[in-house]
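Participant: Just passing along the structure, written as structure tokens.
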Amino acid sequence: MSLTLEQVKRIAHLARIEISDAEALTTQGHLNGIFQLIEEMQAVDTRGVEPMAHAQDVSQRLREDAVTEGDRRAAYQAVAPDTEAGLYLVPKVIE
């Protein structure tokens with residue numbers, strides 16, 4: 001598949017992008033190069049190849065899921081201007 005110059009200009013118009021003839025010609029070359037690469041990749045026989053989540057077979061080191069900080073809610077609310085039932089009260093801003 002390759003795009004014509006008119007198709008590139010139409011795409012630019014639909015995207016609300018102002019493009020000169022020289023820019024349209026350059027963009028046409030870039031887009032046609034991308035389409036050619038896609039066609040080459042689609043031509044590769046991938047039967048029997050198992051899908052991968054990542055290009056390298058690596059695993060991430062995980063840390064133990066443990067609490068590292070204590071509950072400091074009471075200390076934080078002690079310095080708050082106004083609290084009620086464990087919640088912070090703020091001034092009403094929308095009427």
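Participant: Scanning for something within 30 Å of the chain's Cα centre (by Cα) and either of a type in the set (Asp, Glu) or closer than 30 Å to SER2 by Cα (or both), does the range 70-81 turn up at least one residue?
Facilitator: First, the residues of the range 70-81 that are within 30 Å of the chain's Cα centre (by Cα): none.
Within the range 70-81, not a single residue is within 30 Å of the chain's Cα centre (by Cα) and either of a type in the set (Asp, Glu) or closer than 30 Å to SER2 by Cα (or both).
Participant: So, GLN60, is that one in a loop (DSSP other than H, G, I, E, B) and over 29 Å from MET1 (Cα atoms) or not? Before the answer, list the steps.
Facilitator: Details: in a loop (DSSP other than H, G, I, E, B): yes; over 29 Å from MET1 (Cα atoms): yes.
Considered against the rule, which asks whether it is in a loop (DSSP other than H, G, I, E, B) and over 29 Å from MET1 (Cα atoms), GLN60 comes out as yes.
Participant: Still on this structure: Six or more apart or on different chains, Cβ under 7 Å: which pairs go from a residue in the range 1-14 that's closer than 20 Å to LEU37 by Cα to one that's among the aromatic types (Phe, Trp, Tyr)? Could you list them?
Facilitator: MET1/PHE35; SER2/PHE35
Participant: Answer yes if at least one residue in the range 34-56 is in contact with a Phe, Trp or Tyr (Cβ under 8 Å, 6 or more places away or on another chain), without any contact (Cβ under 8 Å) to a residue 60 or more places away in the chain, surrounded by 10 or more Cβ atoms within 10 Å (Cβ to Cβ) and not in a loop (DSSP other than H, G, I, E, B), and no otherwise. Let's see the steps before the verdict.
Facilitator: Pass one, the range 34-56, residues in contact with a Phe, Trp or Tyr (Cβ under 8 Å, 6 or more places away or on another chain): none.
No, every residue in the range 34-56 fails to be in contact with a Phe, Trp or Tyr (Cβ under 8 Å, 6 or more places away or on another chain), without any contact (Cβ under 8 Å) to a residue 60 or more places away in the chain, surrounded by 10 or more Cβ atoms within 10 Å (Cβ to Cβ) and not in a loop (DSSP other than H, G, I, E, B).
Participant: Then there's this: Does GLN77 satisfy being part of a helix (DSSP H, G or I) and either in contact with a strand residue (DSSP E or B) (Cβ under 7 Å, 6 or more places away or on another chain) or exposed (fewer than 10 other Cβ atoms within 10 Å of the Cβ) (or both)? Walk me through it before giving the result.
Facilitator: Details: part of a helix (DSSP H, G or I): yes; either in contact with a strand residue (DSSP E or B) (Cβ under 7 Å, 6 or more places away or on another chain) or exposed (fewer than 10 other Cβ atoms within 10 Å of the Cβ) (or both): yes.
Against the criterion (part of a helix (DSSP H, G or I) and either in contact with a strand residue (DSSP E or B) (Cβ under 7 Å, 6 or more places away or on another chain) or exposed (fewer than 10 other Cβ atoms within 10 Å of the Cβ) (or both)), GLN77 qualifies.
Read-outs: derived from the displayed coordinates by stated rules, not from any lab. None of the values given here were measured: they were computed from a predicted structure. Positions of Cβ are generated from backbone atoms using ideal geometry, with glycine treated the same way; all protein chains shown enter the neighbour counts.
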